[in-house]
Amino acid sequence: MKAYLAGPWGFDSAGKKYMDEEVIPKLGKIQNLEILNPWELTPKDVIKNNPEKTALKIIYNNNIKAIKESNFIIAVLNGPQVDDGTAFELGYAAALGKKIIPYKDDWRTACKDGKDNEFNLMIDVPILKPVIKDVNELVRRVTEFVNLEKKK
């Protein structure tokens, strides 16, 4: 089973370190699960050895292919607004009928509407509830999801 890890963690060193040293190793221990990490899908030399527009198109195509190949999405929804790339990946996955497991360990939000909606409705509707706030709970929920899907 494959999970695409959508999120902005690769943009900053602290986020990348947390993803690489904490989250992915823990998720990697889940039996029968392969993590498709968009930050690792395109080799660095391909990015370095191509003009920027070409490299960006290669990255985009690799990410789209991985979303299509994935069985489900783990979406990191940190920030006051969901990262625009993550929002696109989430919407694309939702249009393909993929299940989306949401993770947010960030207290900031811009969309409190008094109705317990933490996100814009286009994010809030397709994600599985509740939103996971802790990496250990993420591992537990993903393990549970993988085991349930195996039984189908």
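Check K44 against each of (1) under 30 Å from T143 (Cβ atoms); (2) loosely packed, with under 13 Cβ neighbours inside 10 Å; (3) at pLDDT below 95 and name the one condition it does not meet.
(1)
Could you check segment 119-128 and list, in sequence order, the residues that are surrounded by fewer than 18 Cβ atoms within 10 Å (Cβ to Cβ) and touching a strand residue (DSSP E or B) at 6+ places or on another chain (Cβ under 8 Å)?
Once the filter is applied, which keeps residues that are surrounded by fewer than 18 Cβ atoms within 10 Å (Cβ to Cβ) and touching a strand residue (DSSP E or B) at 6+ places or on another chain (Cβ under 8 Å), segment 119-128 yields only L128.
Filter segment 70-124 for residues that are among the charged types (D, E, K, R) and at pLDDT 85 or above; which is nearest to the chain's Cα centre (by Cα)?
First, the residues of segment 70-124 that are among the charged types (D, E, K, R): 83-84, 89, 98-99, 104-106, 108, 112-113, 115-116, 118, 124.
Checking which are at pLDDT 85 or above leaves us with 83-84, 89, 98-99, 104-105, 124.
Details: D83: 11, D84: 12, E89: 8, K98: 12, K99: 11, K104: 11, D105: 13, D124: 15 Å.
It comes out as E89.
In segment 47-88, what count of residues is obtained for those that are crowded, with 18+ Cβ neighbours inside 10 Å, of a type in the set (V, I, T) and either farther than 16 Å from M1 by Cα or without any contact (Cβ under 8 Å) to a residue 24 or more places away in the chain (or both)?
Total meeting the criteria: 3.
Of the numbered conditions (1) touching a strand residue (DSSP E or B) at 6+ places or on another chain (Cβ under 7 Å); (2) under 19 Å from I132 (Cβ atoms), D106 fails exactly one; give the number of that condition.
All conditions pass for D106, except number (1).
Hey, A14 hits all of (1) at pLDDT 90 or above; (2) closer than 26 Å to G79 by Cα but one; which does it fall short on?
A14 satisfies all of (1) at pLDDT 90 or above; (2) closer than 26 Å to G79 by Cα except (1).
The values are calculated or read from the model by the stated rules, or taken from the named source; none is laboratory data. These figures come from a predicted structure and were not determined experimentally. Please note: Cβ atoms are built from the backbone with ideal geometry, for glycine as well, and neighbour counts cover all protein chains shown.
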